[in-house]
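Novice: Would you mind keeping the following structure in view while I ask a few things?
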Amino acid sequence: MTSFDAIGDIQEAAKRNLWLHFTRMSAYADSEVPVIVRGSGAYVYDQHGKRYLDGLAGLFVSQVGHGRAEIAEAGARQAAELAYFPLWSYAHPKAIELAARLADLAPGDLNRVFFTTSGSEAVESVSLLAK
């Protein structure tokens, strides 16, 4: 694994090795690529300490905030037991517990939960189930 001792090193590597999504890479020919190094709450910070509102996180994942120790600890506890296991002909206790909680919250006789890993997978699944 490569480590970077200076901002210039990381900038050179970013420009040489990354292809940023939805980005005109030539825009960084004469300027730095913003390198986000940490997050706290709804904000992220670049290598110079500049703060940005993290408006993109909700686009890709649930925006619960950065630096949430309780979420990291819960994830670590779960990963130590069972990191990820699909619900393909098998169940696991956490999936059963969450499905029961969601079924209790759902209206009427909606009592069965079909978990997916993304919004696009959820849309595809519901359209197939509806057919």
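The values are calculated or read from the model by the stated rules, or taken from the named source; none is laboratory data. None of these values were measured; they are calculated from a predicted model. Here the Cβ positions follow ideal geometry from the backbone for every residue, glycine too, while neighbour counts run over all protein chains shown. The accessibility values were calculated without ligands, DNA or RNA, using every heavy atom of the protein model including side chains. Shrake-Rupley method; radii C 1.70, N 1.55, O 1.52, S 1.80 Å.
Novice: Within the stretch 79-93, is there a residue that is small (Gly, Ala, Ser) and more than 21 Å from the chain's Cα centre (by Cα)?
Specialist: yes
Novice: Can you spot a residue in the stretch 83-106 that is over 16 Å from Thr117 (Cβ atoms), modelled with pLDDT of 90 or more, small (Gly, Ala, Ser) and surrounded by fewer than 10 Cβ atoms within 10 Å (Cβ to Cβ)?
Specialist: no
Novice: Same structure again: Which of the residues spanning the stretch 40-54 are among the hydrophobic types (A, V, I, L, M, F, W, C) and surrounded by fewer than 11 Cβ atoms within 10 Å (Cβ to Cβ)?
Specialist: Within the stretch 40-54, just Leu53 meets the criteria.
Novice: Of the numbered conditions (1) touching a Ser or Thr at 6+ places or on another chain (Cβ under 8 Å); (2) open to solvent by 50 Å² or more (accessible area, probe 1.4 Å), Ser125 satisfies every one except a single condition; which is it?
Specialist: Failed condition: (2).
Novice: Further question on the same structure: For the stretch 75-91, state whether one or more residues are among the hydrophobic types (A, V, I, L, M, F, W, C) and closer than 28 Å to Phe4 by Cα.
Specialist: yes
Novice: Could you give every pair whose Cβ atoms fall below 7 Å, whose first residue belongs to the stretch 112-125 and is closer than 16 Å to Tyr90 by Cβ, and whose second residue is open to solvent by 50 Å² or more (accessible area, probe 1.4 Å) and modelled with pLDDT under 90, counting only separations of at least 6 or pairs across chains?
Specialist: Phe115/Leu87
Novice: Scan the stretch 55-66 and give yes if some residue there is more than 30 Å from Glu32 (Cα to Cα), open to solvent by 70 Å² or more (accessible area, probe 1.4 Å) and at pLDDT below 90, otherwise no.
Specialist: No.
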